[in-house]
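Working notes, beginning with the structure itself.
Please treat every number below as a calculation from the coordinates, not as lab data. Small disclaimer: the values here were computed from a predicted structure and weren't measured. Neighbour counts run over all protein chains shown; Cβ positions are idealised from the backbone, glycine included.
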Amino acid sequence: MTASRTKPKIEPLQKAPTGIEGFDEVTGGGLPRGRPTLICGGPGCGKTLFGVEFLVKGAIEHGEPGVFVAFEETADELAKNVAALGFNFQDLIQKKLLWIDYVHIERSEIAETGEYDLEGLFVRLNHAIDSIGAKRVVLDTIEVLFSGLPNHAILRAELRRLFRWLKQKGVTAIITGERGDGNTITRQGLEEYVSDCVITLDHRITDQVSTRRLRVVKYRGSSHGTNEYPFLIDESGVTVMPVTSMGLSHAVPTDRISTGLPELDTMFGGEGYYRASSMLVSGTAGTGKSSIAAAFADGTCRRGERCLYFAFEESASQIVRNMCSIGIDLQPWIDKGLLQIHAARPALHGLETHLAIIQKRVQHAHPKTVIIDPITNFMAAGIELDIHAMLGRLLDFLKTNQVTSMFTSLTLGGAALEKSEAGISSLMDAWILLRDIEVNGERNRILHLLKARGTPHSNQVREFLLTSTGISLVAGYQGTGAVLTGSARLAQDAHARALETERQQEIAATQRRLEHERQILEAKVSALRTEYETKEDELTRALEKEHTIQVGLSSENTAMQRSRKLPDTPTASQSVHRTRPHPTKAKHT
């Protein structure tokens, strides 16, 4: 019997978390530990900041010291540039968690003597790594070495030796480089082949709107996301917004939440929206889309839940002021921190940047509801196909995070009302359509509930009223070929009230007439009863008189018999006894 052979256990590739939000999700854990990674891109795309954050987050969050070797910026310049992000280099240097070394290379100051190599760089790197026990290294940027010396063949060989040397030291390294102009990722076309991981950063301009994107070109020994991902550079550093994890596998709650309007809840079967669902409110200008959104935000805050309101037409203070005119005061919720209004022009960023900003704010605030007012303003930031794709990813993100969302959409005049300008109505779980109609010289708002997936909902049209005391939905009267609203509805109400009053008066008159007839009938019944009782009394007296007469006659006969002294009349038994002979005596005879 042969002994079973066991396969050697293959250890998975170890990874070093970068601490950069979203990036570790794209790469499945971070950069390859103990291996070099190449990050390349054009100027202003964020290469240096990516490397700085990799070192700072590694030192603070994971206790891994790092070395930053700069070829373009001095240590003081670098510290000032990243101070706005909250990175305190001096504190990290004092704690021996960070080492910054500036290597100055100027072509005019270099005199070539003998064979050129990077031995001096190795010595400086080795000293810095050993001084603080560094686990992470950043070289920014490698092109400076190429610009210093013309003999690129020797420099290429030295770069290969540098990458091997970094692997031997066991440090996780980032080497930044400039983007190539042709078919190569970098200018020299070498670094991407000797690097175990290659990441490209892009800062592109489309229709005068800039967007930063990140792509993992290769990652030896690990699966990774291959799409282009938008990323932000703001006061908190770099934030990557992955979209590969989004899809249709999110949980589906069964509980319902209020719309903020009791009458609208009734149209949704009396319970409101499904939680974590999406609603679209569309209509022409002035029909009250933002008012419904404000009522939804107010209802959310009244439940003690957080709401994020992204406004792309009005400022936060303008929204608060305008909503007070219809009885909705949002300022108390803002003061309590339950409501956050973020206002910006859509043209301020590209579509992907807007998506990244919204996702980042949602992740930080953890709201229960999100309002986008309106989505049609994104038409200025991209074409309809891109808007549809961006909103689709946003919907998946919100549903994955169990966030109930409401989107308002402007319908242009003359266009089909049952069509959203951004073309996302099919993605929505519920669709509310607002219209204004002109009748009898006035314009009135009406509300339709076009669809509500999974809920019994009303198919009736409601008049949508905005008053100083709040929002109300009133059932309209069906007129000839139209719904009666406004003054026509009020006239119909008055007519209906008049008819009701007349009917009530007729009912009251009939009741009075019946009461009169009842009284007459009762009087007749009383008279008949009295007549009957009188006749009954007469009959009783007659019978009593007859009885008295009979009793008197009987007494008179008895008295007459006694006065005549009549003999007693023998009884029959006595007569028989006297005439029948005794049996003994007869025999004797």
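Points worth noting:
- Residue ranges 529-539, 163-173 sort as 163-173, 529-539 when ordered by packing (mean number of other C-beta atoms within 10 Å per residue, highest first).
- Sorting the segments 514-523, 393-402, 286-295 by their mean number of nearby beta carbons within 10 angstrom, highest to lowest, gives 286-295, 393-402, 514-523.
- Calculated from backbone phi, Karplus (6.51, -1.76, 1.60) coupling profile of the stretch 167-179 in Hz, x at Gly/Pro: 5, 5, 6, x, 9, 8, 10, 10, 10, 9, x, 7, 6
- Summarising the amide proton neighbourhood of residue 134: residues at separation of 5 or more, or on other chains, whose placed amide H is nearer than 5 Å comprise an empty set.
- Between the amide H of residue 173 and those of 34, 35, 37, 137, distances stay under 5 Å, these residues lying 5 or more places away or on another chain, with hydrogens modeled in the peptide plane.
- Among the trypsin sites (Lys or Arg not before Pro) found in the stretch 5-68, those both in a DSSP coil and sparsely packed, with 10 or fewer other Cβ atoms within 10 Å of their Cβ, are 5, 9.
- Coupling constants for the stretch 509-525 follow from the phi torsions by the Karplus curve (6.51 cos²θ - 1.76 cosθ + 1.60, θ = phi - 60°), and in residue order they are 5, 5, 5, 5, 5, 5, 5, 5, 5, 4, 5, 4, 5, 5, 5, 5, 4 Hz; glycine and proline get x.
- Descending by average beta-carbon neighbour count within 10 Å, the peptides 372-379, 506-513, 83-90 line up as 372-379, 83-90, 506-513, the highest first.
- Extended-chain gain in nm, criterion 0.36 nm per residue less alpha-carbon gap, residue 505 and residue 161: 113.2 nm
- In order along the stretch 20-34, the Karplus-derived 3J(HN,Hα) couplings, from 6.51 cos²θ - 1.76 cosθ + 1.60 at θ = phi - 60°, round to 7, 4, x, 5, 5, 5, 5, 8, x, x, x, 8, x, 5, x Hz, and Gly and Pro are given as x.
- Which listed pairs, of 47/169; 360/399; 135/218; 96/360; 80/218, have C-alpha distances above 25 Å, in listed order: 96/360; 80/218
- Net charge of Cβ neighbours under 11 Å - reference residue 73; Lys, Arg +1; Asp, Glu -1: -3
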